[in-house]
4 protein chains.
Amino acid sequence: MESAKLIHRSDYSYFHPITTRWADNDVYGHINNVVYYSYFDTVANQYLIEFADFNPINASIIGVVVHSNCTYIKAIAYPNKIEAGLTIKKLGKTSVTYGIGIFKKGEKAAYAYGEFVHVFVNRKDNQPTSIPKKINEAFQKIL
Amino acid sequence: MESAKLIHRSDYSYFHPITTRWADNDVYGHINNVVYYSYFDTVANQYLIEFADFNPINASIIGVVVHSNCTYIKAIAYPNKIEAGLTIKKLGKTSVTYGIGIFKKGEKAAYAYGEFVHVFVNRKDNQPTSIPKKINEAFQKIL
Amino acid sequence: MESAKLIHRSDYSYFHPITTRWADNDVYGHINNVVYYSYFDTVANQYLIEFADFNPINASIIGVVVHSNCTYIKAIAYPNKIEAGLTIKKLGKTSVTYGIGIFKKGEKAAYAYGEFVHVFVNRKDNQPTSIPKKINEAFQKIL
Amino acid sequence: MESAKLIHRSDYSYFHPITTRWADNDVYGHINNVVYYSYFDTVANQYLIEFADFNPINASIIGVVVHSNCTYIKAIAYPNKIEAGLTIKKLGKTSVTYGIGIFKKGEKAAYAYGEFVHVFVNRKDNQPTSIPKKINEAFQKIL
């Protein structure tokens, strides 16, 4: 596990704003740990859609999640504006490991950080396949 | 049911930006009908927190939902930036009916609209009680 | 609005068990109002899948939600086992109105009840179309 | 990372049934990766509530999640009945690491598995504290 103190805004190349929701808070009054993973999904797919023309509705090759993890440093609660930072930690032939950091808007130290791994597969038969060229190029930019 | 064509940005007084999430889309590729209600909750509570100093963690009087409804006009999909408009449709001694409209950022006609009713209760015993003065004043502003 | 006291297990024909989740509870310690609508979706689609061979992944005609509402009578909290009751309140040529009641397992009086309306459309062009025969027959059974 | 083929029903001591929901499926027609973490939360807290009289509403010492991870082996889709298996992988003075496996009802090999770590803290000041005796005893049973 990386030391939490190293997780800084400068570790990420692409940022996506996320607004929190009432339902994000659980009975303890903080954003439920589960919800952070929905932020992860949102920022990575946003990047694919924005920079690689990825269309989740009809793309013939899609990324499926095979692993994810998150380390929680400090709690955040609704209402708050947050930003999810994205970087590429590892890029293989058929898979990619995203690194993601969760920040309060304008703050430098992460409240949570983690990874998730997309394996690219043919939508039809679920078989792993090479990362499409356009997506690979988009990953190279933030590697 | 109000005619859908009447639902316009000018019907609402307060707006709150909401960012969509990957998980908002269901298998049909559009934001799931359920998710709109989480936007409703988010904008109304945001208003209470911002304009009536409401603190959901420790407030002794809270608003509990006794009814809600939504009419869906046109589908929206992640990724999209939306805005939730808020107005007060009915204000009673212990309850309030919010009107909410869901808009794409910058568009004038609503994609969905609905209502929900908060009854204010003592957190301790769940008994209905008068709407607190500060909250009532905030409601008056957008009645 | 129907009187809450009339909402009884015998008003529904089909029941589907639903297990509650930690994340269903909001900061007030009860199942968030939004979550009830996910129970509604779950029981109605379950019925279509089970009794009308409906396949949400590849069906060429699908039901899209154009309206929904819910009235909340008494709060429920995780952990609890619940049952969602389903009936058909109105059956048209292209649309159906489901009635749904939410019960604690084994109890007779509803904790919440509501409706939602599916309009059936061609998946390709989103145009309303007649309810498919097999689905219509399934609806007739619980009309 | 443990080899996926080793993840078997017999690796877990306590099982909790979970019913899937329409909204669990994402645009790819399978349960979204995020949702598995809500199953994790649900089974672990269920165990605390059932076997250690834990009350999330008013407990003065609560478990907050500081890390979680999940490895996805095979996809599951709504509608399906699943079971979450729970074990204790590590038990410290103030923290516990749960191991969780997600199974289709009646099947022996896991579809997904992972961990999450609860640090026990005083609800008032969020400071780590010893695991309460009753909770510690419940953990010992499935260590």
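The values are calculated or read from the model by the stated rules, or taken from the named source; none is laboratory data. Computed from a predicted structure; not experimentally measured. Because the Cβ atoms are built from the backbone with ideal geometry, glycine has one as well, and the counts that use them run over all protein chains shown.
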Inset, instruction - Please state which of the following conditions B:HIS16 fails to meet, knowing it meets all the rest: (1) more than 30 Å from C:ALA59 (Cα to Cα); (2) within 14 Å of chain C (Cβ to nearest Cβ); (3) surrounded by 20 or more Cβ atoms within 10 Å (Cβ to Cβ). - result: (2)
Legend entry - The lone exception for D:GLN140 - which of (1) within 19 Å of D:HIS67 (Cα to Cα); (2) away from chain C (no Cβ under 14 Å) it fails: (1)
Inset, instruction - Run down A:ILE18, A:ILE62 and say which single residue is more than 18 Å from D:ASN33 (Cα to Cα) and of a type in the set (Val, Ile, Thr). - result: A:ILE18
Legend entry - The lone exception for C:LEU48 - which of (1) within 30 Å of B:ASP125 (Cβ to Cβ); (2) modelled with pLDDT of 95 or more it fails: (1)
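Give the residues of the range D:102-134 that are in a loop (DSSP other than H, G, I, E, B) and farther than 22 Å from D:HIS16 by Cα, sorted by residue number. Don't jump to the end; show me each part of the working.
Restricting attention to the range D:102-134, the residues satisfying the condition of being in a loop (DSSP other than H, G, I, E, B) are D:105-108, D:110-111, D:123-127, D:129-132.
Result: D:ARG123, D:LYS124, D:ASP125, D:ASN126, D:GLN127, D:THR129, D:SER130, D:ILE131, D:PRO132.
Conditions tested, residue by residue: (1) without any contact (Cβ under 8 Å) to a residue 24 or more places away in the chain; (2) among the aliphatic types (A, V, I, L, M); (3) under 30 Å from D:ALA44 (Cβ atoms).
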{"residue": "A:TRP22", "(1), (2), (3)": "no, no, yes"}
{"residue": "A:VAL35", "(1), (2), (3)": "yes, yes, yes"}
{"residue": "A:PHE40", "(1), (2), (3)": "no, no, yes"}
{"residue": "A:ASN45", "(1), (2), (3)": "yes, no, yes"}
{"residue": "A:ALA75", "(1), (2), (3)": "no, yes, yes"}
Legend entry - Selected residue (only one of C:ALA75, C:ALA59, C:ALA109 is surrounded by fewer than 20 Cβ atoms within 10 Å (Cβ to Cβ), within 11 Å of another protein chain (Cβ to nearest Cβ), over 25 Å from D:LYS81 (Cβ atoms) and of a type in the set (A, V, I, L, M)): C:ALA75
Legend entry - All positions within the range B:27-37 that are at the interface with another protein chain (Cβ under 7 Å from one of its Cβ atoms) and crowded, with 23+ Cβ neighbours inside 10 Å: B:ASN33, B:VAL34, B:TYR37
Inset, instruction - May I ask you to verify whether A:LYS104 is basic (Lys, Arg), more than 30 Å from B:ASN55 (Cβ to Cβ) and away from chain D (no Cβ under 14 Å)? - result: no
Legend entry - Restricting the range A:78-95 to residues that are of a type outside the set (A, V, I, L, M) and without any contact (Cβ under 8 Å) to a residue 60 or more places away in the chain, the residue that is nearest to the other protein chains (Cβ to nearest Cβ): A:PRO79
Inset, instruction - Can you confirm whether the range A:48-56 contains a residue that is buried (at least 18 other Cβ atoms within 10 Å of the Cβ), facing another protein chain (nearest Cβ under 10 Å) and over 12 Å from the mean Cα position of the chain (by Cα)? - result: yes
